[in-house]
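For reference, the structure is listed below as structure tokens.
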Amino acid sequence: MVTKPRRLPKQERSRERIDAILSTTMRLIGEKGIDAVTMKEVGALAGGPIATVYHYFPNKSAILAMLYERFSEVSRARFGAIIAEIRGLDDVTAAADHLLDDYYERVAKDPAIQDLQNAIQADKALQNLDIAETRQQARMFCDHVGPLIDPEKREQFGRVVFLIFQLAGGVVRLALTQDEQEGRRTIDDYRSIIHAQLRLFL
């Protein structure tokens, strides 16, 4: 499945057209779910013919991939701000809590993001993008925290952090299928697992 746009925008008008396509797609996803969204409908509601959508995106997966990349860009910025608060080992667990809560609350409040995340897991090519993004964020965390822990444990720490980050997506998706009370318990149970794993290194 192709997940790359046909061409990247160079002129302001082209960037505006792509922004319109992406914002329209995200709105439709929130209203009716990804499966019900069509390229034709996106083109019509984004203010142009279907040919304009295909001019930039070969298929819906390519649109979803760009939406995911934009979501990831915002995630990395928020992520970077949170890990910048880590000054010593005592701050690591609090930062992990902040990261988990921030991600959960961000996804919980936006049905379109929830549907996008589910679609990412259902498409192998898009799932690979998600894994690559998780690896990047895990590296960011380890680059910041690694110097604070025993050098002999850093390699194992990196593996554990990657697993924690990758599994967090599934935990959040599970929590969002539950009622609010049970969902919160699921998040808190996962928080306890994170704490137990981090204590092995801190």
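The values are calculated or read from the model by the stated rules, or taken from the named source; none is laboratory data. This one's a predicted model, so the numbers in the text were calculated from it and none came from an experiment. Every residue, glycine among them, receives a Cβ derived from its backbone with ideal geometry; neighbour counts consider all protein chains shown. Note: areas computed on protein heavy atoms with side chains; ligands, DNA, RNA excluded. Shrake-Rupley method; radii C 1.70, N 1.55, O 1.52, S 1.80 Å.
Under 16 Å from a label point set 7 Å out along the Cα-to-Cβ vector of residue 177, the amide N atoms of the range 110-153 belong to 114-123.
Just to verify a number: FRET efficiency for residue 166 and residue 110, C-beta to C-beta distance, R0 = 22 Å, to 0.05? According to the calculation, E is roughly 0.55.
Dividing the mean sequence gap of close Cα pairs (under 8 Å, 6+ apart) by how many residues the range 33-184 holds gives a relative contact order of 20 percent. Ordering 183, 44, 148 by Cα displacement along the dipole of the chain toward the positive end leaves 44 in first place; charges were set at the Cβ atoms of Lys, Arg (+1) and Asp, Glu (-1).
Other residues whose C-beta falls under 10 angstrom from the C-beta of residue 178 contribute a net charge of -1, scoring Lys and Arg +1 and Asp and Glu -1. The mean of 1/r over all distinct Cα pairs in the range 7-122, once inverted, gives the Kirkwood hydrodynamic radius of 15.7 Å.
Eigenvalues of the alpha-carbon gyration tensor of the chain, scaled by 5 and square-rooted, set the equivalent ellipsoid semi-axes at 35, 19, 14 angstrom, largest first. Between residue 154 and residue 54, the simple spin-label model (points 7 angstrom out along Cα→Cβ) gives 5.2 nm. With all pairs of separate Cα atoms included, the range 120-198 yields a Kirkwood hydrodynamic radius of 13.9 Å.
Full extension of the chain segment joining residue 199 with residue 184 gains 3.1 nm, where the gain is 0.36 nm per residue of separation less the Cα-Cα distance. Rolling a 1.4 Å probe over the protein heavy atoms of the range 50-126, with every protein chain left in place, gives an accessible area that is 52 percent carbon and sulfur.
Using equal-weight Cα scatterers in the Debye expression, the normalised intensity of the range 95-160 in log10 at q = 0.18, 0.29 Å⁻¹ is -0.83, -1.19. Neighbours of residue 42, meaning other residues whose beta-carbon lies under 14 angstrom from its beta-carbon, give a summed charge of +1 when Lys and Arg score +1 and Asp and Glu score -1. For the cross-link pairs 32/109; 124/153; 60/109, the ones whose C-alpha atoms lie over 21 Å apart are 124/153; 60/109. Computed from backbone phi with θ = phi - 60° and the Karplus coefficients 6.51, -1.76 and 1.60, the 3J(HN,Hα) list for the range 176-193 is 6, 8, 9, 5, 4, 5, 5, x, 5, 5, 4, 5, 5, 5, 5, 4, 5, 5 Hz; x is used for glycine and proline.
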